[in-house]
1. Add -39500 (n - 2.57) for each DSSP H run of 4 or more in the chain, then divide by its residues: what number comes out at 222 nm, to the nearest 500 deg cm²/dmol?
2. Is segment 18-149 best put as rounded, prolate or oblate by its Cα gyration tensor, with a ≥ b ≥ c the root eigenvalues, rounded for a/c under 1.5, and otherwise prolate when a/b is larger than b/c, oblate when not?
3. Would you mind calculating the relative contact order of the chain from Cα pairs under 8 angstrom and at least 6 residues apart, reporting the percent as a whole number?
4. At what distance in angstrom do the alpha carbon centres of segment 84-132 and segment 250-272 lie from each other?
5. With springs connecting C-alpha atoms under 10 Å apart, model the chain as a Gaussian network and identify which of Ser124, Ser34, Ser315 has the largest mean-square fluctuation.
6. Could you tell me how many degrees, from 0 to 90 and to the nearest 10, lie between the Cα long axis of helix 131-149 and the main elongation axis, the longest principal axis, of the Cα atoms of the chain?
7. Select from Ser303, Ser77, Ala232 the residue farthest towards the positive end of the dipole of the chain; place +1 on Cβ of Lys and Arg, -1 on Cβ of Asp and Glu, and compute about the Cα centre.
8. How high is the relative contact order of segment 18-149? Use alpha-carbon pairs under 8 Å, at least six apart in sequence, and give a whole percent.
Amino acid sequence: MDNELTFCKMPLDRASTLRKNQSWLEQKLAATESCFYFYWRGKYLYLEERLFVYSKASTADLTLDCSSSALFNQAISDNRVTFLGTEQDAAYFVCDLSFLTDVEMKQWLDKLAIQKLKFIDFRSSLTLLNQHQGAILSYAKALIHWQKSASFCGHCGEKTKLMDGGHRLVCQNTGCKKEHFPRTDPAVIMLVEHQPKSGPAVCLLAEHHRIPEKVFSTLAGFVDPGESLQEAVAREVFEEAGVKTTDIEFIDSQPWPFPHSLMIGFIARAQNTELCLEEEELRSADWFTAQELVNFGEWGDESDGPKLPRKESISRLLIDLWCQKQLSQSSG
Ligand SMILES: [Zn+2]
């Protein structure tokens, strides 16, 4: 599968061996061609509608004045700059300024010798980003979230220290020294289909309490410890909808940086169609034909009718692929 899913197709070489070399990292931090993104509390810095990238080589119209460059240098010396990867000779970093308060951030922006800079929430700025930018920023966001959540050792409670350009945390307790690495939470997401003896095939979609009403999405859930992905698919579908499944087939996967999941997408066949919903999770669920789904509205539109999930989600990809297949079969 080679789908253009949002957050996929990271263009940078993660340079996972080179980033362990502190002198190489320091050289890259100071290099003219290195590029920096700025992050503050779930938001990235934009110049009007364009993602802002600071580089001594190319940002000729930006001069960091004394106080802003001091802050930038402080962020570097405080290990608040995370290495993301390389593209040819250029190294890419994200500078996390989340330690600044609202007021301090406004002051920092005011002092920069460039107008029209603003921080925009990552999720709501996806339409401003191309595929590669979306992948880089999603990676950066997941790393920063992990660094914050693991800033104290899970074993002994002592502070941890960032190493390897922000990709490893080491406990500062000399009796512990436990290493912590970025975590990814696997979640399965699945479109369940059923082919009746006569008539068109149908698929199972549900309204989840955690998303707006009338948006129908595929079922999904986190993988339990000691569970295979296929077992997780079968368990989640049965728990949430009372449907037993077979022929579970992998379709595609997508990093999902809210906060640090990996969505693993499947299609499965239903063995029964009666629904028994887990009401804590689902508002409603039903079986739909492809012809019904193509008439659904879009997430966020004003209509009162049923809607499809967000275009950037793998849920939407699974629905779109299934509809295309059904409609091409019925027309062929
Ligand atoms: Zn420890």
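1. Numbers: 7 runs with 85 residues, N = 332.
Mean residue ellipticity, 222 nm, calculated: -8000 deg cm²/dmol.
2. Rounded, since a/c falls under 1.5.
3. In percent, rounded to a whole number, it is 16.
4. 30
5. Evaluated over the chain, the most mobile residue of the options is Ser124.
6. 70
7. Ser77
8. Rounded, it is 31 percent for segment 18-149.
Values quoted throughout were computed directly from the atomic coordinates according to the rules given, and no laboratory measurement underlies them. Remember, predicted model here, so these are calculated numbers, not experimental data. We place every Cβ from the backbone using ideal geometry, glycine too, and count neighbours over all the protein chains shown.
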